[in-house]
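What follows is a single structure, written as structure tokens, with notes after it.
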Amino acid sequence: MSAEPETTTATATATAIVRCVRCQTEGAALKGNPFRSGTLLVAIGEELRARVCQGCYNEWLKSSVKIVNDGKLDLRDARAQHVWLSQMRSFLNVGGASDSWQRFVDRRVQIETTSKVIATATLLRADDEKLWLADFAGGAIPSGFAPMQAGAGGASGSASILRDCVLTIEESAS
Ligand SMILES: [Zn+2]
């Protein structure tokens, strides 16, 4: 008569709990950042860990395989990554409102472009389409960056680049 129903108690390992923006319930957070360190995706990964439960993320991974196959997305391609990420944001209900790139504004950043150019500069601003940068290390504007017209709101030595052409961005030590 004293038999306790067996409950699946949480294990002793401290799993962080998040209030998930997709399923609106509390659930286990992702155990680690799902993305490779040193890439733009790390910031998004941190956002996911703070806002999305593991269960929903697993559902996204399943759905993502279908999206990649149906859309024939080659994730080595920046544009395909962009599509994949916006699908992920809408699936997980993680809007672009907290744009992870905004945190780099006014900082020195190192950018690697899809054409393998690495540039260090100060990020002036980030809009939906482009990043605006100034004070490039070495003084010259690297290839792949579009110089801004002086007098059109752009200081000399500043340039923009399409988000889709940015492979990685990280804070620069210099
Ligand atoms: Zn969830």
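Taken together, the values in this text are just the output of simple stated rules run on the coordinates, not laboratory data. Not measured: the values here are computed from a predicted model. Cβ coordinates were reconstructed from backbone atoms using ideal geometry, including for glycine residues, and neighbour counts include every protein chain displayed.
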**Q.** P(r), alpha carbons of region 17-92 - 5 Å bins starting at zero, rounded %
**A.** 3, 16, 25, 26, 18, 9, 3
**Q.** Added length on full extension, which subtracts the Cα-Cα distance from 0.36 nm per residue, Ile118 to Thr15
**A.** 33.3 nm
(Q) Taking 25 Å as R0, compute the FRET efficiency from the Cβ-Cβ separation of Arg163 and Asn69 and round it to 0.05. (A) 0.50
Q: Select from region 113-144 those trypsin sites (Lys or Arg not before Pro) which occupy a DSSP coil region and have at most 13 other Cβ atoms within 10 Å, ordered by residue number.
A: Lys116
Q | Residue order, fewest to most beta carbons within 10 Å, for Arg76, Arg103, Arg51 | A | Arg76, Arg103, Arg51
Q | Assigned charges on the beta-carbon of Lys, Arg, Asp, Glu; region 100-171 dipole about Cα centre (debye) | A | 80
Q: Convert each backbone phi in region 43-49 into a coupling constant with the Karplus relation 6.51 cos²θ - 1.76 cosθ + 1.60 (shift: θ = phi - 60°), then list the ³J(HN,Hα) values in order as whole Hz, x for Gly and Pro.
A: 5, 5, x, 5, 4, 4, 5
Q.
Over 27 Å between Cα atoms: which of Lys31/Lys116; Lys72/Lys116; Lys31/Lys130 fall into that group?
A. Lys31/Lys116; Lys31/Lys130
Q: For Ser143 and Glu26, calculate 0.36 nm times their separation in residues minus their Cα-Cα distance, and state this gained length in nm to one decimal.
A: 37.4 nm
Q. Rounded to a whole number, what is D in µm²/s for region 100-171 from Stokes-Einstein with the Kirkwood radius over alpha-carbon pairs (10 °C, 1.306 mPa s)?
A. 134
Q. To the nearest 0.05, what FRET efficiency results for Val105 and Ser37 with a Förster distance of 22 Å applied to their C-beta separation?
A. 0.55
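May I ask you to compute the full-extension gain from Ala134 to Ser86, defined as 0.36 nm times their residue separation minus their alpha-carbon distance, rounded to one decimal in nm?
Full-extension gain reported as 14.5 nm.
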